[in-house]
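*Asks:* Next up is a structure, given as structure tokens.
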Amino acid sequence: MILIVDDNRQTRQMIRSIIADLDKDFCECEDGSEALDAYRRCQPNWVLMDLAMSKTNGLDATRQIIAAFPEAHVAIVTSYDDDNLRLAAKEAGASEYFVKENLFELRRLFAG
């Protein structure tokens, strides 16, 4: 099970299409404010988390998930290729960081 947290429906669809042959079970939500409840409900193996969302950003949502579920695996999937954000994501508890311009890199998370 993969939880996709992104405010853009088309991005969520693209992520699903890129990794659908590697995992068929998806759960989705549109904002970081919904991410913790979605995690509780879906119990995913991975969370693919956008950074820029309107109510709760991906860093705050990642902190919430990791605080409640320390074993959670969160990968940031963002438009921002920024070393400071990479560090902030790691400090929030994310274990991976991907830039949306190359979503096919996500496949390495689920190929093994």
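*Asks:* Read phi for every residue in the range 10-27 and hand back ³J(HN,Hα) as whole Hz from Karplus 6.51 cos²θ - 1.76 cosθ + 1.60, θ = phi - 60°, with x for Gly and Pro.
*Replies:* Coupling constants for the range 10-27: 5, 5, 4, 5, 5, 4, 4, 5, 6, 10, 4, 6, 9, 7, 8, 9, 10, 10 Hz.
*Asks:* Per residue, how much accessible area does the chain show when a 1.4 Å probe rolls over the protein heavy atoms, in square angstrom?
*Replies:* Value returned for the chain: 53 Å² of accessible area per residue.
*Asks:* Would you calculate, for the chain, the mean residue ellipticity at 222 nm contributed by helices, counting each DSSP H stretch of 4 or more residues as -39,500 (n - 2.57) and dividing by all residues, to the nearest 500?
*Replies:* Roughly -12500 deg cm²/dmol at 222 nm, from the helical runs in the chain.
*Asks:* Something else now. Let's test this: bin the Cα-Cα distances of the range 17-70 at 10 Å from zero up to the farthest pair and state each bin's percent.
*Replies:* Answer for the range 17-70: a P(r) of 24, 53, 23, 0 percent.
*Asks:* Additional query: Got a sec to turn the phi values of the range 88-93 into Karplus ³J(HN,Hα) couplings, 6.51 cos²θ - 1.76 cosθ + 1.60 with θ = phi - 60°, whole Hz, x for Gly and Pro?
*Replies:* 4, 5, 4, 5, 6, x
*Asks:* Just reorder Thr11, Thr62 by solvent-accessible area, largest first, 1.4 Å probe, all chains present.
*Replies:* In descending accessible area the options line up as Thr11, Thr62.
*Asks:* Here is a further query. What ³J(HN,Hα) values, in whole Hz, does the Karplus curve 6.51 cos²θ - 1.76 cosθ + 1.60 give for the range 31-42 when θ = phi - 60°, with x put for Gly and Pro?
*Replies:* 8, x, 5, 9, 5, 5, 4, 5, 4, 4, 6, 9
*Asks:* Based on the alpha-carbon gyration tensor of the range 1-104, what equivalent-ellipsoid semi-axes (square roots of 5 times the eigenvalues) come out, in whole Å, largest first?
*Replies:* Result for the range 1-104: semi-axes of 18, 16, 13 Å.
*Asks:* Which residues' amide hydrogens lie under 5 Å from the amide hydrogen of Trp46, considering only partners 5 or more residues apart or on another chain, with H built in the peptide plane?
*Replies:* Leu3
*Asks:* Considering only C-alpha atoms, what is the centroid distance from the range 57-90 to the range 97-111, in Å?
*Replies:* Distance between centres, Cα-based: 15 Å.
*Asks:* Give the long-range amide H neighbours of Glu28: residues separated by 5 or more places, or on another chain, with amide H under 5 Å away, using H modelled in the peptide plane at 1.01 Å from N.
*Replies:* For Glu28, whose amide H was placed from the backbone, the distant partners under 5 Å are Ile4.
The values are calculated or read from the model by the stated rules, or taken from the named source; none is laboratory data. Source: prediction; values computed, not measured. When the accessible area is computed, the model is the full protein with side chains, heavy atoms only, and any ligands, DNA or RNA have been set aside. Shrake-Rupley method; radii C 1.70, N 1.55, O 1.52, S 1.80 Å.
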